[in-house]
Structure formats: structure tokens, C-alpha cells
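Bear in mind that the values in this text are calculations on the coordinates, not laboratory data. All values reported here derive from a predicted model rather than from experimental measurement. Here Cβ is always computed from backbone atoms with ideal geometry, including for glycine, and neighbour counts include all displayed protein chains.
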Amino acid sequence: MYDSSFGYGPPLGLTTVADDPAGGTPGADVSGASGAEVSRTAALDPIGTALSAVTDQLGRAVDVPVWSLDDDRLQARLTQALQAKAGVDELIARLVAEVDDRDLATKTGASSTRAYLAATHRMSTGQAAGIVAQARAMTPRTDISRAAWAAGRISGEQAVVIGKALAMLDADIDTSTMGLAQLHLIESAEQLNYVQLRHVANHLVEVVDPDAAEAKLGEQLQAEEHRALQATVFRGRPGLDGIARFSGRLPNATFAMLSKALEACASPRRTPANPPGTPLGATVHGPGTSDVIDVDGAHCDTETGVLTYGQRLGRAFAELIEHLPIDKLPQHGVANAQIVVTIDATTLATGVGEATLDTGGSVSAAEARRLACNAGLLPAVLGGPSKILDLGMSQRLFDRYQRIALAARDKGCVWPGCDRPPAWCEAHHMKPWHLGGPTDITNGCLLCPFHHRLLDTGEWAVVMAADGIPEIIPPTRIDPQRRPIRHQRLKPRAG
């Protein structure tokens, strides 16, 4: 029995005998009734009768195994099931639209139709919001589309796209033109995927009113851009486990810029595609394979796998943040958008321990040493009882002209096999700055953030060869003789 103690009415489709104006329960078992009684019930509540029939027929198929179907029948039955689901979804949307119009949510104590559906019918708020969107997309102007949806020609998602596109047309468009517009979108929905249909729907005005299409599209885009800007938001919080969580919304154009930047530095070709277990430094010949050089940072003797697409984008996003031109950002208070890290001189020298950020967080000493090579972090090195030994960047950082010289010499990250360009690299002191290493070109080289981190683990080393070219020294587990490795682009060309 339905529990009404929460203050909400019974779920849709569940009524009591008293609720039924005919004195009977819609959808009840009428197998023992006469033909006249069955017809009378069907006439009074055809929706309830239809749902009872559907439920009854589906109940008979619950225990029928699908493995018994051959391939052709399996695909045919899936198509039929999706068509039946579309018909039920369309009916649900109409029922919910009526619930919305009558404001039954407020009458039963719910704050909205979405909340009413979530509480009364035990669905997620996301699912409830989707059903409400479908209900509100169906208007008297969309009867042709609604009929196509009920017949299973289009899906609920496609119906919402079509409904929103029609809602954006001028209210004075005649019925005939509106019908042709719907038929155009329905035919497109039967041939195109969801993304392609949205593109066609956004340009519906070109079909309805070609003469005014350009102006209308411009107005629509401006309105969309205004809404996108108003909806733009960023939320984030640091995590106790060292992992910050964030989410947000961006205008499509801005997101496209971000995506381009991330894809540029997260190209799949940068991730070796050799099978797990391939020895480091080895090359497996075949389509889609490449040299393996400890890309996962686990410092093991064999490659354990490759980065996923999401991991590549995540690391690329971190690189974007680390390379923001902080000197170009607006100032707030007395300082610009620059992180100050406080670290003890001994901790900085040994790389063991932690450093404190002026935001209240902390990073490992090893990470502070890596970031100290960038202008994105200002180190405050302490000695004795919190006495500042060094605070500044003028002598610590390579200047613009030195970076130009390093770029001309190294042409990118000097790690063998890496193709990061100079713009995505950090200028690294071969003899660490905190150990007295000078900020000179002869003591510098370019490293991408990933290989900079790898170098700072202490297993690897970088040295300047006699001809003035940086070379990487692998650990003994890779090469017991620790012979220097030079990037292919920096090797002398034959002839």
C-alpha cells in the first residue's frame, strides 16, 4: 500500500476506488467482467486501459530468455523495445505536463514538479529534471513531433531538441510553415546523430525564413552567448587527500579554446602504445607503437601501461595553470597572482620535508624545488629562527633572453623521446640554484613539467656534454654504466 505519510499524493497511475469516477479502479483486472463493463471502463479511461495492456504483455515476457534470439531477431526486438519505450516516454511527458500545469507539486507540498517526481516516484533529481524538460518541450506547436515520438520515430532527447528549436521561432509563423519545419527536423532526426540534429535544429530558421536567416541566427547566437556568460561559474575546494575538486560551466567558445590548448599538449601520440611489460628503452615495431621511456613515472624496469585520455587532459590542464603569465594577470591587494612558498634552507637543499604556501596549503619539498624554476612560485627561504635568507626572482630565474637562447639551442624538452616545444618547457638549473648553481645558459636546459618532476626524483641526472649540449644520465637499473643519452633532435646530422 502507498504510504502517504510524506504529504505527497499517490504516484501517477495508482488510484483508489474512491478516486475513480466510474467507481472502479483504472487498470484493474477486469477478466471476470462482462464485455460491456470492459468497454465502459476502456471508454472512461483509455490511458489506464492501454497501460494495463502494456504492463500485462510485458509481464509475460519477464522470464523469457533473450539468449534464445538469433542475431537478426535480437536486433529487431531491440528496435521494437526502443519504439515501445518512446511511446511510453511520450505518454509520461504528457502526464507530467498536466501535473505541471495543475501545479500538483505545490498542492501536495513539493517545491517543484521535479521535486514531486523525485520524492513521489523515487527517481533521481537528474532523471526527474529530464522528464520535466521533455514535458515542457511539448506544446500545441509540436503536435507533429509529439506524434512521431509516440510512434517511436524519434527519441525523447530528439523531441526536446525539436521542441526547443520550434520555441525559438517567431510566434506569428503560420501552422503550415510550422508543420513543414517539424517534418524537416523529424526526417533529420531519423538520419542524423544527436549532435548533428542539434546543429540542424539551431539553423532551423534558414528553412523557415531564409531571407531573415542571417539576422535571426545572429540574434540567437547573441542571446545564447549572453545566457552562457550568465551561467558561467567555477566551484572548487582543496581536498584533505591532496586532490582538489572543481567543476564549472563555460561558454562554448571559451571551452573550445580550453579544449584546443589541452589537446595540443595531450596528444595521444605522446603516450607510448607498447604492450605492458615492454622493457624501458626498447622499441616494439608495429602500428601505433613507440619508444618506451618510463612515461608513467613509476621508475620500474618495465612499462606498466599508458595514460588514459582523461589522465592526459588532466596533466595538460595542470601544465596550463603552471604556465599562466602571472605578470600579466590583474593584481589584487598588494601582490599579483603569485604563490609564495616558505621553506627551510635545509629542507630545500635535501628535498626532504614540506613547504608551506601562502594560501595555507603545503607541498612537498621536492615539488617546491621543481616549481622554484618557474616564475609561478616565489620562494621564501628561511634559515635559523624563521630568518629569510632569500626572497626574490631576479637572480633565481632565467630571464627572457636566456630562455630565447635555451630555446634556440635545445628546441624543446631535452629528454630523449619528448616532443614538448620550448613554450611548454621550464628552464632547469643543472646544478641546483639552491646549491649555488648559477643562472647561466651553460648551467641551464629546457625540460617539460613531467620530465622535470622525473629528474627531481634523484634517480636521473642531466649534464652538459663537452660540445655544450645537455644529455640525460639514466639510473643504473636502466643502464648499469649510466651512459649519457642525447635527444634525437640534438644529435649531429650525418653528412
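A few remarks follow.
- Amide H partners (placed H, <5 Å) of E354, local residues excluded: A365
- Cβ-based exposure ranking for W415, W424, in which fewest neighbours within 10 Å come first: W424, W415
- Across the alpha-carbon set of the stretch 89-246, the Rg to Rh ratio works out to 1.05, Rh being the Kirkwood radius.
- Environment charge at V463 (Cβ cut-off 11 Å; Lys +1, Arg +1, Asp -1, Glu -1): +2
- Unsatisfied cross-links (Cα-Cα over 27 Å) in the set K260/K491; K164/K260; K85/K260; K85/K164: K260/K491; K164/K260; K85/K260
- Phi angles across the stretch 166-177 convert, under the Karplus curve 6.51 cos²θ - 1.76 cosθ + 1.60 with θ = phi - 60°, into 3J(HN,Hα) values of 5, 5, 7, 7, 4, 5, 8, 5, 6, 4, 5, 5 Hz, Gly and Pro given as x.
- Contour excess over end-to-end distance, with Cα ends at V88 and R198 and 0.36 nm allotted per residue: 37.3 nm
- Label positions at R122 and A53, each projected 7 Å from the Cα along the C-beta direction, are separated by 2.9 nm.
- Each listed q (0.11, 0.22, 0.24 Å⁻¹) maps to a log10 I(q)/I(0) for the stretch 400-490 from the Debye sum over equal C-alpha point scatterers, namely -0.27, -1.14, -1.35.
- Note on Q402 and R227: with the Förster distance fixed at 60 Å, the Cβ-Cβ geometry gives a FRET efficiency of about 0.80.
- Close amide H partners of E426, meaning residues 5 or more places away or on another chain with modelled amide H under 5 Å apart, are L447, C448.
- Sites A81 and T346 - FRET efficiency at Förster radius 60 Å, r taken between beta-carbons, to 0.05: 0.30
- The label-point distance for E459 and E354, in a model that sets each label 7 Å from Cα toward Cβ, rounds to 2.5 nm.
- Interchain or long-range residues, amide H under 5 Å from G444's placed H: M430
- Two-site FRET efficiency, R482 against R245, from Cβ-Cβ distance with R₀ of 35 Å, rounded to 0.05: 0.25
- Exposure proxy order (Cβ contacts within 10 Å, fewest to most) of F246, F255, F317: F246, F255, F317
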